[in-house]
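Taking it in order: structure first as structure tokens, then the write-up.
Values in this text are rule-based calculations from the coordinates and carry no lab data. Just so it is clear, the structure is predicted and the values come from calculations on it, not from any experiment. Here the Cβ positions follow ideal geometry from the backbone for every residue, glycine too, while neighbour counts run over all protein chains shown.
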Amino acid sequence: MIDHTDRRFNQTTDRYAADDLETIREARRYGEHVFQLLRPHVGRRVLEVGCGIGTMSRKLTAVADIVVGIEPNVACIERVEAEVRHEPKFTLRPCHLEECDPVELASHRFDTVYCVNVLEHLQEDVAALSLFKDVIVPAGRVLVFVPAVMAAYGPLDAELGHHRRYSKRTLSDAFAAAGLEMVMLRYTNPLGLLGWMYNSHVTRARVHSLAQVKLFERLVAPWALPLERLVTPPIGLSLMAVGRPAAGGR
């Protein structure tokens, strides 16, 4: 019996994603943690794929010279426009990634593609990674943050439109198939994985719980996230990866 809505193929026409991102925005410590893990690899000219409601866009404009955001969800577009309305460094492309002209994108000479919690939404993830490789300069970087551990896949993943969750092997294979050399690959948020497994297989949750998000933010994040920056966990709720164009792969 299906106890969830499968949004894998219509997620960008539904405001569910925008409302969910508003809930996740409350995990401010965690959002800053994710950004700081990726920050050393962020350059000056950034293509943000799937900018959502602008949570990361604001952080990116604080450290980059230009940020071009791609976002196809109409409900998200309304909110990101409000979030960065007065930010001259930011330009929004309200469209699907597949609708973009790779040659035109490459003309901007991006040194960074920033893709957080988006790749899992794309049916053709290798094709997307290959496009990322083609639109950055030769010394550029592709920064990806994705949900991890397929065994944790549950109703909420389907509601969010996730085609998959990743392991180190499957993400490495996708990067290699796209002509990207892996520079860094690591798990993050092991305690969050326990909570997600519980919600997936016990409560069968279909939405992010604001109460759980606030509980994590108040009681877990203050000590768990600094500890993780000292000791890399062997597994976690998410994977972060940094890749660069492989030699001879452009």
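Can you say what percent of the DSSP beta bridges in the chain, counting only those with both residues inside, are antiparallel? Round to 5. If you can, show how the numbers build up before the last one.
On the way: 14 of 33 bridges.
About 40 percent, rounded to the nearest 5.
Suppose every K and R has +1 on its Cβ and every D and E has -1 on its Cβ; what is the size of the dipole of the stretch 1-70 about the Cα centre, in Debye to the nearest 20?
Working: 11 positive and 10 negative charges, 87 e Å.
Here the stretch 1-70 has a charge dipole of around 420 debye.
About the Cα centre of the chain, how large is the charge dipole given +1 on each Lys and Arg Cβ and -1 on each Asp and Glu Cβ? Please answer in debye to the nearest 20. Intermediate values should be presented prior to the final figure.
Values: 30 positive and 30 negative charges, 181 e Å.
Here the size comes out at about 860 debye.
Over the Cα atoms of the stretch 11-142, what Rg and Dmax result, in angstrom?
13.8, 37
Averaging sequence separations of C-alpha pairs under 8 Å and six or more residues apart, then dividing by the length of the stretch 24-160, give the relative contact order as a whole percent.
Working: 199 pairs, mean separation 31.8, N = 137.
Relative CO of the stretch 24-160 lands at 23 percent.
I'd like the Kirkwood hydrodynamic radius of the chain, using the inverse of the mean 1/r over distinct C-alpha pairs, in Å.
On the way: mean 1/r = 0.0546 Å⁻¹.
Taking the inverse mean of 1/r over all distinct Cα pairs, the chain comes out at 18.3 Å.
More than 17 angstrom separation, counting every C-alpha pair in the stretch 61-101; what % is that? The partial results should precede the final answer.
On the way: 252 of 820 pairs.
Above the 17 Å cut-off, the stretch 61-101 has 31 percent of its Cα pairs.
Which whole-angstrom value gives the distance between the alpha carbon centres of the stretch 1-78 and the stretch 160-229?
What the calculation gives is 15 Å, centre to centre.
At 222 nm, what value in deg cm²/dmol follows for the chain if DSSP H runs of at least 4 each add -39500 (n - 2.57) and the sum is divided by all its residues, to the nearest 500?
Details: 11 runs with 94 residues, N = 250.
When only DSSP H runs of four or more count, the value is -10500 deg cm²/dmol.
With a ≥ b ≥ c taken as the square roots of the eigenvalues of the C-alpha gyration tensor of the stretch 157-233, please select rounded if a/c is under 1.5 and otherwise prolate if a/b is larger than b/c or oblate if it is not?
On the way: a/c = 2.85, a/b = 1.33, b/c = 2.15.
The shape class here is oblate.
Normalised by the residues of the chain, what does the relative contact order come to in percent, with Cα pairs under 8 Å and at least six apart? Please list the in-between numbers first.
Values: 472 pairs, mean separation 59.6, N = 250.
Computed value for the chain: 24 percent relative contact order.
What relative contact order, as a whole-number percentage, does the stretch 187-245 give when Cα pairs under 8 Å and 6 or more residues apart are counted? Please list the in-between numbers first.
Details: 39 pairs, mean separation 45.1, N = 59.
Reported relative contact order: 76 percent.
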